[in-house]
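The values are calculated or read from the model by the stated rules, or taken from the named source; none is laboratory data. Remember, predicted model here, so these are calculated numbers, not experimental data. For neighbour counting, all protein chains shown are included, and Cβ atoms are generated from backbone atoms with ideal geometry for every residue, glycine included. Side chains included, ligands, DNA and RNA excluded: accessible areas come from the protein's heavy atoms. Shrake-Rupley method; radii C 1.70, N 1.55, O 1.52, S 1.80 Å.
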Amino acid sequence: MSELTFEQMLEQSLKTIRNGEVIEGTVIDVKPDVAVLNIGYKSDGILTRNEYTNEANFDLTTALKVDDKIEVKVIKVNDGEGQVLLSYKRLALEKGYKRIQDAFENKEVLKAKVAQVLDGGLSVVVDEARIFIPASLVSNVYEKDLTKYADQEIEFVITEYNPKRRRFIGDRKQLLVAKKAEEQKALFEKIHIGDVVDGVVKNVTDFGAFIDLGGADGLLHISEMSWGRVENPKKVFKVGDQVKVLIKDIDGTKIALSMKFDDTNPWKDAASKYAIGNVVKGKVARMTDFGAFVELEVGVDALLHVSQISKDHIEKPSDVLSVGQEVEAKIVDFNENDHKISLSMKALLDNGSDDDADVVSVDVDQVISEEGEE
């Protein structure tokens, strides 16, 4: 019996590998574009950057170091130069397909970083397997610009799994809808009419602002923004503002809000400040043909009827007054229940008297109504 040579004994001690086999190797050298692995074979294994990941210009030295152990797939036992070609991404892709299949069947929530923002949606990668999330399934609200999701880690579920066509569809929207429903339920369980809560301005319109209360939105109508007069909500609020609001009413899932807090109500002590006979100062806020509305303080307007401006006959207030002008007048009527105050400048004129004022009773609501029609 002939003795085996050293080369023959070494050959027998080395394992046999085949194309497609999954093996473990140890990194013995790594450069930005290629890594060399000891795979227990007569030749070392070569793992190129392109077979490690699909990411362009990826630096292998950031992911691998000498003595690292890594599981790879054999692509070719002999590349013509006696080397064994290996792939990490193909093995990862197979694992990715299996991961996606399991998630699809079990309705599992996956988490991955957005790899690419496309015209029609987002592309995410799970173990080298690409999943497409259509724009309509990215959010529970319309998203015109998806670029804000670039490189963000997001959660989603798989709604379509087709490995033959390599078609994998993800859905983030249903998770957000479900989360919002839970938050809404929790919110409505804890809020009550009269509560003061914190919120964030979500949208501002000509008629009011929508406030995110953390689970549901409430409407802060323009008439509830202040005790005073608000001409344009967009000049008062902007999206993202933090506000404190009062729960005025709850009707099903609709929440009406207010910023008219009782402790800031200007009519709270108006009876003493604006008692009949008191002399007050204010600024002309707006005018009609019937008279001028004078702002005595924020939230308190008084009517100065055209007949009470002067002893002389005046056709309309704008003939002698202007918006923003400061005037001094006497309180000649006060109705606390209806929040109505009537003024007279004529009563303060020289040699004037309360009798000279000839106070005219005017329906303020009518004046406001006719002012709006104009």
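Enumerate the strands (runs of 3 or more DSSP E) found wholly within the range 13-56, keeping only those where 3 or more residues are loosely packed, with under 15 Cβ neighbours inside 10 Å.
Numbers: elements: 22-30, 34-38, 45-48.
Per the criteria, 22-30.
Which numbered condition in (1) at pLDDT 90 or above; (2) within 43 Å of the chain's Cα centre (by Cα); (3) of a type outside the set (A, V, I, L, M); (4) under 20 Å from Tyr274 (Cα atoms) is the only one that Asn337 fails?
(1)
Could you check how many residues of the range 119-128 are hydrophobic (A, V, I, L, M, F, W, C) and in contact with a Phe, Trp or Tyr (Cβ under 8 Å, 6 or more places away or on another chain)? Quick ask: steps written out before the conclusion?
Our first condition is that a residue be hydrophobic (A, V, I, L, M, F, W, C); within the range 119-128, this holds for 122, 124-126.
Still in the list and also in contact with a Phe, Trp or Tyr (Cβ under 8 Å, 6 or more places away or on another chain): 122, 124.
Selection size over the range 119-128: 2.
Please determine whether any residue of the range 173-180 is open to solvent by less than 50 Å² (accessible area, probe 1.4 Å), in contact (Cβ under 8 Å) with a residue 40 or more places away in the chain, over 22 Å from Gly214 (Cα atoms) and not in a loop (DSSP other than H, G, I, E, B).
no
Counting only residues that are touching a helix residue (DSSP H, G or I) at 6+ places or on another chain (Cβ under 6 Å) and either over 14 Å from Phe290 (Cα atoms) or open to solvent by 70 Å² or more (accessible area, probe 1.4 Å) (or both), how many does the range 312-329 have?
Taking the range 312-329 and keeping what is touching a helix residue (DSSP H, G or I) at 6+ places or on another chain (Cβ under 6 Å), we get 314, 317.
Narrowing further to those that are either over 14 Å from Phe290 (Cα atoms) or open to solvent by 70 Å² or more (accessible area, probe 1.4 Å) (or both): none.
Going through the range 312-329 one residue at a time, the tally reaches 0.
Exactly one condition in (1) farther than 16 Å from Asp171 by Cα; (2) aliphatic (A, V, I, L, M); (3) not in a strand (DSSP E or B) is not met by Ile75; state its number.
Of (1) farther than 16 Å from Asp171 by Cα; (2) aliphatic (A, V, I, L, M); (3) not in a strand (DSSP E or B), only one is false for Ile75: (3).
Can we say Lys283 is within 21 Å of Lys330 (Cβ to Cβ) and touching a residue at least 40 places away in the same chain (Cβ under 8 Å)?
On the way: within 21 Å of Lys330 (Cβ to Cβ): yes; touching a residue at least 40 places away in the same chain (Cβ under 8 Å): yes.
Against the criterion (within 21 Å of Lys330 (Cβ to Cβ) and touching a residue at least 40 places away in the same chain (Cβ under 8 Å)), Lys283 qualifies.
So, in the range 129-154, of the ones that are of a type in the set (D, E, K, R) and in contact with a Phe, Trp or Tyr (Cβ under 9 Å, 6 or more places away or on another chain), which residue ends up modelled with the highest pLDDT?
Step one: of the range 129-154, the residues of a type in the set (D, E, K, R) are 130, 143-145, 148, 151, 153.
After this cut, where a residue has to be in contact with a Phe, Trp or Tyr (Cβ under 9 Å, 6 or more places away or on another chain) as well, the list is 130, 143.
On the way: Arg130: 91, Glu143: 88.
Result: Arg130.
Test each condition in (1) among the β-branched types (Val, Ile, Thr); (2) at pLDDT below 90; (3) in contact with a Phe, Trp or Tyr (Cβ under 9 Å, 6 or more places away or on another chain) for Val284 and report the one that comes out false.
All conditions are met except number (2).
Give the residues of the range 253-307 that are open to solvent by 50 Å² or more (accessible area, probe 1.4 Å), within 19 Å of Val320 (Cβ to Cβ) and among the charged types (D, E, K, R), sorted by residue number.
Residues satisfying the conditions are Lys281, Lys283, Asp289, Glu295.
Consider the range 212-252. How many of its residues are more than 27 Å from Pro266 (Cβ to Cβ) and either basic (Lys, Arg) or surrounded by fewer than 11 Cβ atoms within 10 Å (Cβ to Cβ) (or both)?
Final tally of qualifying residues: 3.
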